[in-house]
Amino acid sequence: MRIGITCYPTYGGSGVVATELGMELAVRGHDIHFISYAPPIRMDLANERIHFHEVEVASYPLIDHPPYTLALATKMLEVFESQSLDLLHVHYAIPHSVSALLARSMAAPRRLPFITTLHGTDITLVGANRSYLPITRFSIEQSDGVTTISHYLRQTTLKEFDIKRPIEVIPNFVNCDLYHRSTDSALRAQWAPGGEPILMHLSNFRPVKRLTDVVEIFALVREKMPAKLVLIGDGPDRGAAEFLVRKKCLQRDVHFLGKQDRVYEKLGLADLFLLPSQLESFGLAALEAMSCEVPVIASDVGGIPEVIEDGVDGYLIDPGDVADAARHAIEILSRSDRGRSMGLAARANARKKFCSNDVIPAYERYYKQVLDQSPAHS
């Protein structure tokens, strides 16, 4: 198939999933055309089946905000015509599904079906901003196919938007062959020269991730035992986290790595992963850590309980309960047998339910289903 994929190219779960999906599909013989304003994070242009089409947005003196939605729709149509796309797969309802709807209308009577994958923020934030609710509901209802990344998000979408159409649940995934335990002893020694256990966090450092809670948890752990904290990513809460690290005199024990492309090389060195978010529709970073045999302590919210089994491959805590998180962390890190057994269980559960080898075919089947059912739109 020839598939157009649109996502936000920034450092976040939806962009990562969309990019990884495109690369996995390319390996399986499909031609993938990414359509966005910048190359997505982790995109591999070395694969001859992967192509990037930049959306250029012109500025006009009379318009305060450049019309990206319209420029994106025009580029979608252009790529459809030049590359003979079979379908569009857009990640995030706003504005991508609206642009796809416009592109489909402009392409009529030629057939250009589009699938919308909802990732979470496009639904949970719209629920708080009612001005976007009608257009979001309309674009979801008008999509030729709709998927969500968790059962939690499916139920939230049906409830918040009063959606009547069917929604398919296809979970996030991880390449289990790529994400595995690391043996890079030199890098580990660089972070923890004394052989200290390593705690890790990976995100876009937005407020919903509660990055300062990660530092608070680590500070409580450090009161009881030597340890190191590795923070991967960047975003608006980095400054607050750095200030808290200085305030608690933990500069020697905390490593800010910034944005990283080959995160699997780092995750596989961790002894514990922390994800104390306020809300997660799935928790992709947690799954990636689990595939690397790393137990996870995460908030018991949203779709996370669909990924982590409390007490088996990690622990679930209430958002903001840093004391409970620290207690579990100390238990895991002070007993190597406990940490390793939970890590092995994490890897086993990741392989059982979320490997790309199993999830990507589910997308292929859904693409075929949508193509078989969607008529030409006139």
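Summing +1 for each Lys or Arg and -1 for each Asp or Glu, what net charge is found among the other residues whose Cβ lies under 10 Å from the Cβ of residue 146? Kindly include the intermediate steps, with their values, before the conclusion.
On the way: positive: 154, 165; negative: 141, 144, 168.
The answer is -1.
In the chain, helices alone account for a calculated mean residue ellipticity at 222 nm of -13000 deg cm²/dmol, with every DSSP H run of four or more residues adding -39,500 (n - 2.57).
Run the dipole for the chain about the Cα centre, Lys and Arg Cβ at +1, Asp and Glu Cβ at -1, nothing else charged, and hand back the magnitude in debye, nearest 20.
Working: 40 positive and 46 negative charges, 39 e Å.
About 180 debye.
Just to be sure I understand: with springs between alpha-carbon atoms less than 10 Å apart, which residue in 79, 296, 90 has the highest mean-square fluctuation in the Gaussian network model of the chain? In this elastic network of the chain, the residue with the biggest mean-square fluctuation among 79, 296, 90 is 79.
In order along the stretch 254-264, phi translates into HN-Hα couplings of 10, 10, 9, 8, x, 6, 10, 7, 8, 5, 4 Hz, rounded to whole numbers, per the Karplus curve 6.51 cos²θ - 1.76 cosθ + 1.60 with θ = phi - 60° and x for Gly and Pro.
Taking other residues whose beta carbon is less than 12 angstrom from the beta carbon of residue 234, and scoring Lys, Arg as +1 and Asp, Glu as -1, yields +2. Using a 10 Å Cβ count of at most 10 others and DSSP loop calls, identify the longest part of the chain lacking such trypsin sites (Lys or Arg not before Pro). Longest site-free region, per DSSP loop and neighbour criteria: 1-163.
Assuming a ≥ b ≥ c are the square roots of the Cα gyration tensor eigenvalues, decide whether the stretch 109-226 counts as rounded (a/c under 1.5), prolate (otherwise, with a/b larger than b/c) or oblate. Could you put the intermediate results ahead of the total?
Numbers: a/c = 3.69, a/b = 2.05, b/c = 1.80.
Cα axes put the stretch 109-226 in the prolate bin.
Using a cutoff of 8 angstrom between alpha carbon atoms and counting only pairs six or more residues apart, the relative contact order for the chain works out to 15 percent. Distance from the alpha carbon centroid of the stretch 318-347 to that of the stretch 1-31 works out to 33 angstrom. Once you sort the root eigenvalues of the Cα gyration tensor of the stretch 185-353 as a ≥ b ≥ c, which label holds: rounded (a/c under 1.5), prolate (a/b larger than b/c) or oblate (the other case)? It comes out rounded by the Cα gyration axes. Entry note: the chain has Rg to Rh equal to 0.99, where both radii use alpha-carbon atoms and Rh is the Kirkwood radius.
Could you tell me whether the stretch 1-40 comes out rounded, prolate or oblate from its Cα gyration tensor? Rule is a ≥ b ≥ c as square roots of the eigenvalues, rounded for a/c under 1.5, then prolate if a/b exceeds b/c, otherwise oblate. Provide the component values of the computation, followed by the final result.
Values: a/c = 2.87, a/b = 1.61, b/c = 1.78.
Oblate shape, in that a/c is at least 1.5 and b/c is the bigger or equal ratio.
Couplings 3J(HN,Hα) of the stretch 100-116, computed from phi: 5, 4, 5, 5, 4, 5, 5, 6, 4, x, 5, 8, 9, x, 9, 10, 10 Hz, in residue order, whole Hz [Karplus 6.51 cos²θ - 1.76 cosθ + 1.60, θ = phi - 60°; x for Gly and Pro].
Quick note: the coordinates plus some simple rules give every number you see, no bench work behind them. Fair warning: this is a prediction, and the values are worked out from it, not measured in the lab. Methodologically, a virtual Cβ is constructed for each residue, glycine included, from the backbone with ideal geometry; neighbour enumeration extends over all protein chains shown.
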